[in-house]
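Enquirer: Here's a structure for you.
Nothing in this text is a laboratory measurement; each read-out follows from the coordinates by a stated rule. Please read these numbers as outputs of a predicted model, since none were measured by experiment. Every residue, glycine among them, receives a Cβ derived from its backbone with ideal geometry; neighbour counts consider all protein chains shown.
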Amino acid sequence: MQMAVVEFARHVCGLAGANSSEFDLQTPHPVIHLMAEQKAIDTKGGTMRLGAFPCVLQNETLSAKLYGREKISERHRHRYEFNNSYRAEFGAKGMILSGLSPDSELVEIIELKNHPWFLGCQFHPEFKSRPMDSHPLFRGFIEAALQNRKAVHEVPRMKVVRT
């Protein structure tokens, strides 16, 4: 999710130099930044947002459809978050903040309007996925890939001519 936010900032919102402050402390647009409660922490061992946290899904989003409910709990392991100063700008350009913490302060899931399947999450769905009981996001992605496979095969391909 974090890198998708950076790319969206740069290429859709036109925010030159946008980045995560984890990678570039001098970025003019820190669209991903250190969580407020992490700023005073010098030693990083065991201090990150770690463990299961609740998330509220926005109605009529891909996330809500995939989970089939409004509230979920997912496992986290990070110190950096979506910078809320950019919410309005991203929303105006088509990004949906589809999953939020119960207090609406933390962005947990992003989606794109008018895209066959674009979703990024702040948490780690792989922690809750099993071979015979896949995570809803993985299952949804695979189903979408299978549904869209035919459309991809119908795209005319460029013929390579070797001389």
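Enquirer: Taking amide H positions as placed 1.01 Å from N in the peptide plane, with prolines and chain starts having none, which residues 5 or more places from residue 98, or on another chain, fall under 5 Å of its amide H?
Expert: Amide H neighbours of residue 98: 109, 110, 111.
Enquirer: Compute the length gained on full extension between residue 24 and residue 114: take 0.36 nm times their separation in residues and subtract their Cα-Cα distance, giving the result in nm to one decimal.
Expert: Additional length available on full extension: 29.3 nm.
Enquirer: Another question, if that's okay. For a quick check: sort 113, 128 by the number of other beta carbons within 10 angstrom, fewest at the front.
Expert: Fewest to most other Cβ atoms nearby, the residues stand as 113, 128.
Enquirer: Moving on to the next point. Report the gain in length on full extension from residue 60 to residue 147: 0.36 nm times residue separation, minus Cα-Cα distance, nm rounded to one decimal.
Expert: In short, 29.3 nm is gained.
Enquirer: Quote the charge dipole size of segment 2-153 about the Cα centre in Debye, to the nearest 20; the model charges only the Cβ of Lys and Arg (+1) and of Asp and Glu (-1).
Expert: Value, rounded to 20: 420 debye.
Enquirer: Estimate the FRET efficiency between residue 3 and residue 70 by the formula 1/(1 + (r/R0)^6), using the beta-carbon distance for r and 45 Å for R0, to the nearest 0.05.
Expert: That gives a FRET efficiency of 0.95.
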